[in-house]
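Beneath this line is the structure, given in structure tokens, with notes to follow.
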Amino acid sequence: MQERVLVVGAGIAGLTAAHALRGAGVGSVLVDKSRAVGGRMATRTLGEARFDHGAQHFSIRSETFAAVTRGWAAAGKMHEWYQTADLEPRYVGTGGMRKIPEFLAESLDVRTGIAIERLDLDGGEPAAVDTRGERIGATAFIVTPPVPQTLALLNASRIDAPDALRETLSAIDYRACLAVMMQLDGPSGLTDGHSSVVNDPIAWMADNAHKGTSATPSITVHSTPGFATDYLEADPEDWTGHLVAASQPHLNGQVTAATGHRWRFAEPTTILEQGCVVLDTRVPVALAGEVFAGAKIEGAVLSGLAAASSILDRLP
């Protein structure tokens, strides 16, 4: 392996970028402030139940993404969940959505629980500096967190991004989502294992046992953006109780336990459709993530590929 690229964020965009770099013979280090890889491709275990509490499924629209997912399928990490007459097939990670990013991380240098404070590009060896003051040297950087966190990192790093780009990124907003993971005493009864035709405050319900994620009855409920806005800073016990009460009439099984999770950056309201943006500073810095190439998992993968390609073009 030659060179070393520092990738900030071990979600699907960062993992995809690192895999593309590896395929071109370029090494990388991925750092993420969370304890696990995957970002919103998240799966949690509570007792005997397992829950996909972030991204619930994905579809395949482009041939580029189809080629990527063929590798996931060959490794036994994904399968089709459902298809309707008016929708393309929906796919999920086999055993949970996080199984896909965990599979990608196996062959990479991934370091979790590390928060990058700034990129130090002034004098000496370029490096990412974490909140403990530790430095990780690199010859290029790929930055993949949600846009507000990316802008904060650029500001802390004193990177001179063009005014037009800063204005564009500053205008990007995100819808929040409150997720509740519910254990049931019996099957949910949800037709085809999901429901998106429910009333406020519920936007989506998914049966994790139907998906093959959980061996025991468990439901993930996602709130509407409006409900999330109203309750984002409230006590989780408050909004968890609201969503449990709203869900129960739609379920056959009774809710026996529930816990909540906040997704502050669940869905961007604006998509740039550029693949990625590269700042030609002293060393190249690529900004990537679903905002730059279309929302959801496919967009994040396409952006990761674009970022890797752009960095490869700029390496010596």
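The values are calculated or read from the model by the stated rules, or taken from the named source; none is laboratory data. Source: prediction; values computed, not measured. Positions of Cβ are backbone-derived with ideal geometry, glycine not excepted, and every protein chain shown enters the neighbour counts. The accessibility values were calculated without ligands, DNA or RNA, using every heavy atom of the protein model including side chains. Shrake-Rupley method; radii C 1.70, N 1.55, O 1.52, S 1.80 Å.
Between the helical axis of 12-23 and the dominant principal axis of the chain, each derived from Cα atoms, what acute angle in degrees is found, rounded to the nearest 10?
In the chain, helix 12-23 runs at an angle near 50 degrees to the longest axis.
Nearest 20 debye, what's the magnitude of the dipole of the chain about its Cα centre given +1 on Lys and Arg Cβ and -1 on Asp and Glu Cβ?
For this selection, approximately 680 debye.
Got the relative contact order for region 184-315 handy, in percent, Cα pairs under 8 Å and 6 or more residues apart?
For region 184-315, the relative contact order is 18 percent.
Select from region 172-277 those GluC sites (Glu not before Pro) which occupy a DSSP coil region and have at most 14 other Cβ atoms within 10 Å, ordered by residue number.
E233, E273
Distance between the C-alpha centers of region 87-138 and region 198-219? Whole Å please.
So the separation of the two Cα centres works out to 29 Å.
By DSSP, what percent of the beta bridges with both residues in the chain are antiparallel, rounded to the nearest 5?
That works out to approximately 70 percent antiparallel.
For the chain, take the longest principal axis of its alpha carbons; what is the angle in degrees between that and the long axis of helix 147-157, to the nearest 10 within 0 to 90?
Taking Cα atoms only, the helix is inclined about 30 degrees.
Taking 0.36 nm per residue of separation and subtracting the Cα-Cα distance, what length does fully extending T112 through N252 add?
Going from the current span to full extension adds 46.5 nm.
Among the trypsin sites (Lys or Arg not before Pro) within region 156-225, which fall in a DSSP loop and have no more than 16 other Cβ atoms within 10 Å of their own Cβ?
Counting only loop positions with at most 16 other Cβ atoms within 10 Å, the trypsin sites (Lys or Arg not before Pro) in region 156-225 are R158.
Relative contact order for region 1-104: what percent, with Cα pairs under 8 Å and sequence separation of 6 or more?
About 25 percent, as a whole number.
How much length is gained on full extension from E125 to A74, taking 0.36 nm per residue of separation minus their Cα-Cα distance?
Gain on extension, E125 to A74, equals 14.3 nm.
Which length gain, in nm to one decimal place, applies between L315 and T216 when the Cα-Cα distance is subtracted from 0.36 nm times their residue separation?
My answer for the length gained is 30.7 nm.
Suppose a student asked you for the relative contact order of region 124-217, using Cα pairs under 8 Å spaced at least 6 residues apart; what percent would you report?
Relative contact order of region 124-217: 15 percent.
How big is the gap, in Å, between the Cα center of region 64-78 and the Cα center of region 230-259?
If we compute the Cα centre of each part, the gap is 35 Å.
Tell me the accessible surface of H261 in square angstrom (1.4 angstrom probe, heavy atoms of protein chains only), to the nearest ten.
Here the accessible area works out near 50 Å².
Starting from the residue with the highest accessible area, list L302, L190 in decreasing order, probe 1.4 Å.
Sorted by accessible area, descending: L302, L190.
Heavy-atom accessible area of L279 with all protein chains present, probe 1.4 Å, nearest 10 Å²?
L279 has an accessible surface of roughly 10 Å² with all protein chains in place.
Please name which of L119, I12, F51 has its Cα lying farthest along the dipole of region 1-134 towards the positive end, using unit charges on Cβ (Lys, Arg +1; Asp, Glu -1) and the Cα centre as origin.
Value: F51.
In nm, to one decimal, how far is the D230 label point from the A24 one, both placed 7 Å along Cα→Cβ?
For D230 paired with A24, the spin-label model returns 4.8 nm.
Could you tell me the calculated FRET efficiency between R35 and R264, based on Cβ-Cβ distance and R0 = 25 angstrom, to the nearest 0.05?
Computed FRET efficiency for R35 and R264 comes out at 0.90.
Magnitude of the Cβ-charge dipole of region 24-144, K/R +1 and D/E -1, about the Cα centre, nearest 20 debye?
Charge dipole of region 24-144: 320 debye, to the nearest 20.
Expressed as an acute angle from 0 to 90° and rounded to the nearest 10, what is the orientation of the C-alpha long axis of helix 236-247 relative to the principal long axis of the chain?
50 degrees
At most 15 other Cβ atoms within 10 Å and a DSSP loop assignment: could you name the trypsin sites (Lys or Arg not before Pro) in region 26-133 that fit?
R35, R61, R132
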